[in-house]
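Asker: First the structure, which I've put down as structure tokens, then a few questions once you've had a look.
The values are calculated or read from the model by the stated rules, or taken from the named source; none is laboratory data. Keep in mind it's a predicted model, so treat the numbers as computed, not measured. In this analysis, Cβ positions are derived from the backbone assuming ideal geometry, glycine residues included, and neighbour counts consider all displayed protein chains. Just so you know, the surface numbers come from the protein's heavy atoms only, side chains and all, with ligands and any DNA or RNA stripped out. Shrake-Rupley method; radii C 1.70, N 1.55, O 1.52, S 1.80 Å.
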Amino acid sequence: MSQDLVPDPRLLVRERGLAGYWEDFKRRVRGGELGSIPVVLGVIVIAIVFEAQTGDFLTPRNLSNIMVYVAGPGIMAVGIVLVLLLGEIDLSVGSVAGLCAALWAVMSDQHGVNDILAIVLAIAGGAVVGTIHGFFFARIGVPAFVVTLAGFLGWSGLQIWVMGDKGTINIPRDSLVKDMYGYYFSDISAAYGLATVLTAGYLLALWRQERRRQRAGLTTRPLSEIVLRAVLVAAASFIAAYELNQHRGLPLALVIFLAVLLLADFMLRRTTYGRQIYAVGGNAEAARRAGINVEFVRLTVFSISSALAALGGLFMAAQAGGASKNLGSGNLLMNVIAAAVIGGTSLFGGRGWVWSALLGTLVIQSITTGLNLMGMSSEIQYMITGAVLLLAVVVDSISRRTQRSAGRT
């Protein structure tokens, strides 16, 4: 067998420089491979419009607040992304968040349980709830929509029962949950250090990927592309670090959110289990015939989703100042699902990435913050968010149809 490198037409086109990249970009768009392009452009447009209207949107204080506000819903959206990759839906994340926040508050405040232990037990409780959902869906065959809708109602009732006669349980001043949301690393080296780690980690991941391609006999990316990618990541990271340091420093909430994103991204792209999630979402029967334990994948994904909902619920409790009987209700569920879809995860399964949670939550929170700065009422916010969600689904549907026409699905 010849040891010559197998040429990859996509990479060979890029070797032509800027003209090659432009040709590759047009090929992707014609084939319906839009990726995160629409939502990234959307974030930029939103920022420009609201800055022009208010003059305060791009201030360090406002940007820092947005980064903190997105942590709770964003972590919950990561779990929704995993469920959507299966081609399913989880309607219970809001009530699970409220229930687990109530469990933590009751254990920590009323029963004197160590704060860290109470947090661990609350997240474990979320995982148990998700396992129950996954059991009825994967083993019994009840549709996920019905199972999680029942969970939405049932866990909300249990949340009220757990709270008892307490309408709200305030967070103690020395609580770790309060620090998870409100603590900032004021030393400027923290934000710049994180930016350095993210850039170096991304560059290392690219290098390892190219080494694997080389060992497999595949054409590697041009050095210019690797450098350009690293420079863009570095620019985004250090600009964000600079803006955060102009206010209060690096928020712990953002660090935790990024940690969840990186772990989930590694699981999906670098592990067998992650590839199995995509396979099951793309075609469950084909995955089963390939030897994948479809029931196990489905059950564990719902368990992870609810565990992340529990963690997100703790952030929501910290933001609200305590756990309450109505925490997790309202439009939280819809915003979390909308964030995953707006960020680029397909409702039809098998297509998307965990960074959709960050991008989609940024879009929704930016709209909410910008409209608040303009003094717009909540009903206007709902209508605009709904329109953005519909637009995202339309783009996804058109993209899938274009890919089918181009023979890419």
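Asker: If you scan region 306-321, which residues turn out to be touching a Ser or Thr at 6+ places or on another chain (Cβ under 9 Å) and closer than 15 Å to Val81 by Cβ?
Answerer: Once the filter is applied, which keeps residues that are touching a Ser or Thr at 6+ places or on another chain (Cβ under 9 Å) and closer than 15 Å to Val81 by Cβ, region 306-321 yields Ser306, Ala309.
Asker: While we're looking at this one, here's another question. Please specify each residue of region 221-244 satisfying the condition of being open to solvent by 30 Å² or more (accessible area, probe 1.4 Å), among the polar types (S, T, N, Q) and under 24 Å from the mean Cα position of the chain (by Cα).
Answerer: Those that are open to solvent by 30 Å² or more (accessible area, probe 1.4 Å), among the polar types (S, T, N, Q) and under 24 Å from the mean Cα position of the chain (by Cα): none in region 221-244.
Asker: If you don't mind, another one. For region 167-221, what are the residues that are free of Cβ contacts under 8 Å to residues at least 40 places away in the same chain and in contact with a strand residue (DSSP E or B) (Cβ under 9 Å, 6 or more places away or on another chain)?
Answerer: Gly193, Arg212, Ala216
Asker: Report yes if some residue within region 145-161 is aromatic (Phe, Trp, Tyr) and more than 26 Å from the chain's Cα centre (by Cα); otherwise report no.
Answerer: yes
Asker: Here is a further query. Mind checking whether some residue in region 250-264 is open to solvent by less than 80 Å² (accessible area, probe 1.4 Å) and touching a Pro at 6+ places or on another chain (Cβ under 7 Å)?
Answerer: no
Asker: For region 325-335, state whether one or more residues are farther than 24 Å from Leu86 by Cα and hydroxyl-bearing (Ser, Thr, Tyr).
Answerer: Yes, that holds for at least one residue.
Asker: Now for a separate question. Among the residues of region 73-114, what is the count of those that are at pLDDT below 90 and assigned to a helix (DSSP H, G or I)?
Answerer: Number of matching residues: 3.
Asker: Also: I'd like to check which helices (runs of 4 or more DSSP H) are fully inside region 222-336 and have at least 3 residues that are among the polar types (S, T, N, Q) and within 25 Å of Val147 (Cβ to Cβ).
Answerer: So the answer is 294-320.
Asker: Which residues, counting only those in region 155-186, are at pLDDT 90 or above and in a strand (DSSP E or B)?
Answerer: Scanning region 155-186 gives Tyr184, Phe185.
Asker: Now for a separate question. Can you name the residue in region 66-79 that is open to solvent by less than 40 Å² (accessible area, probe 1.4 Å) and of a type outside the set (A, V, I, L, M, F, W, C) and, of all such residues, is nearest to Ile239 (Cα to Cα)?
Answerer: Looking at the filtered set, the residue picked out is Gly74.
Asker: I'd like the full set of residues that are touching a Leu at 6+ places or on another chain (Cβ under 9 Å), open to solvent by 40 Å² or more (accessible area, probe 1.4 Å) and not in a helix (DSSP H, G or I), limited to region 354-380.
Answerer: Matches in region 354-380: Ser377 only.
Asker: Taking region 47-61 as the search range and keeping residues that are touching an Asp or Glu at 6+ places or on another chain (Cβ under 6 Å) and either free of Cβ contacts under 8 Å to residues at least 60 places away in the same chain or part of a helix (DSSP H, G or I) (or both), which one is least open to solvent (accessible area, probe 1.4 Å)?
Answerer: It comes out as Pro60.
Asker: If I filter region 194-202 for residues that are of a type outside the set (A, V, I, L, M), exposed (fewer than 14 other Cβ atoms within 10 Å of the Cβ) and part of a helix (DSSP H, G or I), do I get at least one hit?
Answerer: yes
Asker: Being at pLDDT 90 or above, part of a helix (DSSP H, G or I), out of contact with any Phe, Trp or Tyr (no Cβ under 6 Å at 6 or more places or on another chain) and not acidic (Asp, Glu): is that true of Ala150 here?
Answerer: yes
Asker: Inside region 87-107, can you point out the residues that are open to solvent by 10 Å² or more (accessible area, probe 1.4 Å) and either within 20 Å of Leu333 (Cα to Cα) or in contact with a Ser or Thr (Cβ under 7 Å, 6 or more places away or on another chain) (or both)?
Answerer: Matches in region 87-107: Gly87, Glu88, Ile89, Leu91, Leu103.
Asker: Could you tell me how many of the residues in region 129-174 are closer than 21 Å to Leu311 by Cβ and open to solvent by 20 Å² or more (accessible area, probe 1.4 Å)?
Answerer: Of the residues in that region, 13 qualify.
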